[in-house]
Amino acid sequence: MFGDDLISLIRLGGVVMYPLFACSVLSLAIAGERAWTLSRAARLAARLQGAVNEAWNQGGIGDVRTLALRDPSPLAAIFRAVLVDGLGSDLRDRMARRHQSETTRRLRRWVWLLGTIGSLAPFIGLFGTVIGIIRSFESMAATGSGGFAVVAAGISEALIATAGGLFVGVVSIFAYNAFMVRIANLSGQWRDWTDELLVRIDAAQGRDGR
């Protein structure tokens, strides 16, 4: 029943409802994929951080390096970069920042499309509104009268197109902002964990040097 109603709305909304429907499907696909990816990345990173703390206390930097080499989480890639032998403190910091930036870019993959769809969808709906109003005037010109029955179809098309564009735009922008905040929080948390590991490495190198 709902599917039939949705198809009827798309038909009543005119030709612009088809790109809006495609945009909505794309937004849902991206939102679902990013939600799963970010949730998995956060879960794996938290597990790695706990394991790193335990490994450091038990075996030191060697055990942490072995753990990072085997872990599939994005945070492990950052840890592997700073755990390379022979790096000075400054070089470790630069490697950490570089890999953090790369990891953040990977987390943002496809998110820009949500922002783009959120910006374009209302304008696509507005285009449909204009088309619906034009058809209303064409109906008035063809019949020579301006009764509600004459313009009802065009006005209905205009309103449905407007509502469709606003709905797709609002949902897409909401998802875009939610993901950007989530990614920023994850990046900040991983940066803190990386800085904590760098401090431990510097302290261990200082003891070895003495």
Discussion item. Charges on Cβ only, +1 for Lys and Arg, -1 for Asp and Glu, centred on the Cα centroid of the chain; of ALA175, LEU126, TRP110, which one is farthest towards the dipole's positive end?
Written reply: TRP110
Item to complete: Bin all alpha-carbon pair distances of segment 45-100 at 5 Å intervals from 0 and give each bin's fraction as a whole percent.
Response: 4, 22, 29, 26, 17, 3
Discussion item. Limiting things to C-alpha atoms, what are the Rg and the maximum Cα-Cα separation (Dmax) for the chain, in angstroms?
Written reply: 27.0, 98
Worksheet item: Which net charge results for the neighbourhood of MET180, defined as the other residues with beta-carbon distances under 11 angstrom from its beta-carbon, given Lys and Arg at +1 and Asp and Glu at -1?
Response: +3
Worksheet entry | For the chain, size of Cβ-based charge dipole, Lys and Arg +1, Asp and Glu -1, in debye | 540 debye
Worksheet entry | Area accessible to solvent at LEU159, 1.4 Å probe radius, in Å² | 120 Å²
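The values are calculated or read from the model by the stated rules, or taken from the named source; none is laboratory data. Since the model is a prediction, treat every value here as computed from it, not as a measurement. Every residue, glycine as well, gets a Cβ built from its backbone with ideal geometry; the counts of neighbours run over all protein chains shown. Calculation scope for accessible area: heavy atoms of the full protein, side chains included, ligands and nucleic acids excluded. Shrake-Rupley method; radii C 1.70, N 1.55, O 1.52, S 1.80 Å.
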